[in-house]
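The values are calculated or read from the model by the stated rules, or taken from the named source; none is laboratory data. Just so we're clear, the structure is a prediction, and the values are computed from it rather than from any experiment. Ideal geometry is used to build each Cβ from the backbone, glycine not excepted, and the neighbour counts take in all protein chains shown. Areas reflect the complete protein model, heavy atoms only, side chains present, ligands, DNA and RNA absent. Shrake-Rupley method; radii C 1.70, N 1.55, O 1.52, S 1.80 Å.
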Amino acid sequence: MRIKNLKLKNFRNYVNESIDFSEGLNVLFGRNAQGKTNCAEAVFYLCTGASPRSRRDKQLIMHGANCAEISALAEGAYGEIEISACIYENSREVRINGNKITRNADILGNIFSVFFSPQELRLIQDGPDERRRFLNVSISQLNKPYYIALMRYNKILEQRNNLLKNRDLSLVYETLPVWDEQLCRYAAAIAFKRAEFCAMLSPVASEIHSYLTDGAEKLEISPEKKYKGGEEELTKRLFDELSANYERDIRLGFTASGPHRDDLDIKIDGADAKNFASQGQTRTAALSVKLAEVEIFKKISGEYPVLILDDVMSELDLPRRKKLVGRTHGLQTVLTCTHAERVLCGREVNKIKIEGGAVKR
């Protein structure tokens with residue numbers, strides 16, 4: 001899978017620009033604050049319907065403009081596909097091959113993408129929210145039913161939490177089983193897919209980490225909570241778990257167990273990476289997880305995703321730069337950096353200089 005062309009209009013600092021990408025390594029280079037990351041962000045937005053940097057779409061619109069327009073022409077195993085988005089302050093309009101879509105789920109699965117930037121170190125360093133976000137974004141691209149189950153789960157969870165704050169306890173005890181029956185069905189679908197994904201992720205990430213560190217360190221990834229069995233079995237087990245903790249949840253005023261509380265254990269040489277890994281170890285571990293994600297996309301979809309590497313090279317020494325570039329053979333990569341020479345490593349690349357929100361031709 002590859003993106004052939006990207007168009008940007010009033011997006012961040014881009015007034016009106018068109019960028020052509022090659023099949024292999026595309027290097028967006030230039031001084032800081034020129035728009036390299038903005039370009040990478042636009043690619044990921046069209047793949048997933050969400051920005052990796054901002055939770056509010058209105059922040060993507062150039063100051064003084066009414067809307068931002070972005071579009072990409074891509075080519076995959078099933079031919080060409082064009083995705084476009086008009087982003088307004090409080091809404092957006094997305095079209096696929098000219099047809100307007102009404103569900104966010106329909107954006108997913110058209111162009112696969114994996115995004116890595118220095119901010120992705122949060123995957124290792126921060127709390128469980130970041131690791132759940134990683135799982136949700138990755139699995140949702142590969143499995144629309146997962147995304148739909150996640151949206152419905154979160155909606156029902158919010159209603160259950162509101163109920164738990166009600167002081168009419170007879171109403172709470174009477175109504176909770178009704179909500180839980182629905183909640184656990186979606187929770188089981190989420191837990192099952194996460195367990196399946198993690199079973200694939202762990203050995204691949206460990207192998208890549210060994211490659212990047214020349215075998216000097218061992219990376220281990222496992223779900224903090226082991227979910228075993230099929231979806232029906234998980235549904236019953238989760239329902240029983242919620243039922244056994246009614247008093248706790250009522251006392252707390254929120255649901256204290258379920259997929260929304262899950263986490264991943266990430267260890268380097270047996271030690272918890274979050275608490276004991278150095279900055280360099282954290283960077284390598286996060287990069288290993290992302291490169292493993294690339295391989296899982298290939299295994300499940302049959303195609304490599306577009307790999308986006310934003311400002312990664314400045315944080316790596318020369319041997320690891322070479323190893324990383326070597327790992328990108330065979331897939332389209334969009335890489336941003338300040339100096340193109342840092343990443344050439346003897347490889348032919350498509351160099352694109354960005355200056356002031358425009359391609360410097």
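If you plug the beta carbon distance of K351 and R251 into 1/(1 + (r/R0)^6) with R0 = 51 Å, you get a FRET efficiency near 0.25.
Protection proxy ranking for 321-331, 226-236, 146-156, using the average of other Cβ atoms within 10 Å per residue and placing the highest first: 146-156, 321-331, 226-236. Backbone geometry of region 134-144 corresponds, through the Karplus equation with coefficients 6.51, -1.76 and 1.60 at θ = phi - 60°, to 3J(HN,Hα) couplings of 4, 4, 5, 5, 5, 5, 4, 5, 8, 8, 4 Hz, x marking Gly and Pro. The solvent-accessible area of R237, taken with every protein chain present and a 1.4 Å probe, is close to 90 Å². Per residue, the chain exposes an accessible area of 47 Å² to a 1.4 Å probe, with every protein chain left in place.
When every Cα-Cα distance of region 1-56 is counted in 5 angstrom steps from zero, the calculated P(r) takes the values 4, 16, 29, 28, 17, 5, 0 percent. Each residue of region 295-309 was assigned a 3J(HN,Hα) from its phi angle through the Karplus curve 6.51 cos²θ - 1.76 cosθ + 1.60 (θ = phi - 60°); the sequence is 5, 5, 4, 5, 5, 7, 8, x, 9, 6, x, 6, 9, 10, 10 Hz, with glycine and proline shown as x. Across region 130-236, the mean sequence separation of Cα contacts (distance under 8 Å, 6 or more residues apart), normalised by length, yields a relative contact order of 26 percent. Using the empirical formula 2.2 N^0.38 Å as the baseline, the Cα radius of gyration of the chain reaches a ratio of 1.06. On region 80-182, 47 percent of the accessible area sits on carbon and sulfur atoms, based on a 1.4 Å probe. Computed from the C-beta positions of S18 and F276 and an R0 of 41 Å, the FRET efficiency is 0.30 to the nearest 0.05. In order along region 84-89, phi translates into HN-Hα couplings of 10, 9, 9, 10, 9, 4 Hz, rounded to whole numbers, per the Karplus curve 6.51 cos²θ - 1.76 cosθ + 1.60 with θ = phi - 60° and x for Gly and Pro. Full extension of the chain segment joining R95 with A50 gains 14.7 nm, where the gain is 0.36 nm per residue of separation less the Cα-Cα distance. Rounded to the nearest percent, how much of the accessible area of region 186-284 (1.4 Å probe, protein heavy atoms only) is carbon and sulfur? Summing carbon and sulfur atoms, their accessible area is 51 percent of the total for region 186-284. For region 19-101, treating each Cα as an identical point scatterer without solvent, what Debye log10 I(q)/I(0) comes out at q = 0.14, 0.19 1/Å? These q points yield log10 I(q)/I(0) values of -0.54, -0.95.
Computed over region 172-255, the percent of Cα pairs more than 22 Å apart is 45. Accessible surface ranking for E196, E181, E241, 1.4 angstrom probe, highest first: E181, E196, E241.
Counting only heavy atoms of the protein chains and using a 1.4 Å probe, E130 has close to 30 Å² of accessible surface. Amide hydrogen proximity for M62: with H placed 1.01 Å from N in the peptide plane, the residues at 5 or more positions away or on another chain lying under 5 Å are F11, R12.
Bridges between two residues of the chain, per DSSP, are antiparallel at a rate of about 70%.
A viscosity of 0.890 mPa s and a temperature of 25 °C, combined with the Kirkwood radius over Cα pairs in Stokes-Einstein, give a translational diffusion coefficient for region 116-243 of 147 µm²/s. Over region 47-176, the ratio between the Cα radius of gyration and 2.2 N^0.38 Å evaluates to 1.33. Around the amide H of D265, modelled in the peptide plane, lie the amide H atoms of S222, E224, all under 5 Å away and 5 or more residues distant in sequence or on another chain. Greater than 22 Å separation of Cα atoms is the criterion. Which listed pairs, K58/K100; K7/K298; K7/K360; K4/K323, meet it? Too far apart for the 22 Å limit: K7/K298; K4/K323.
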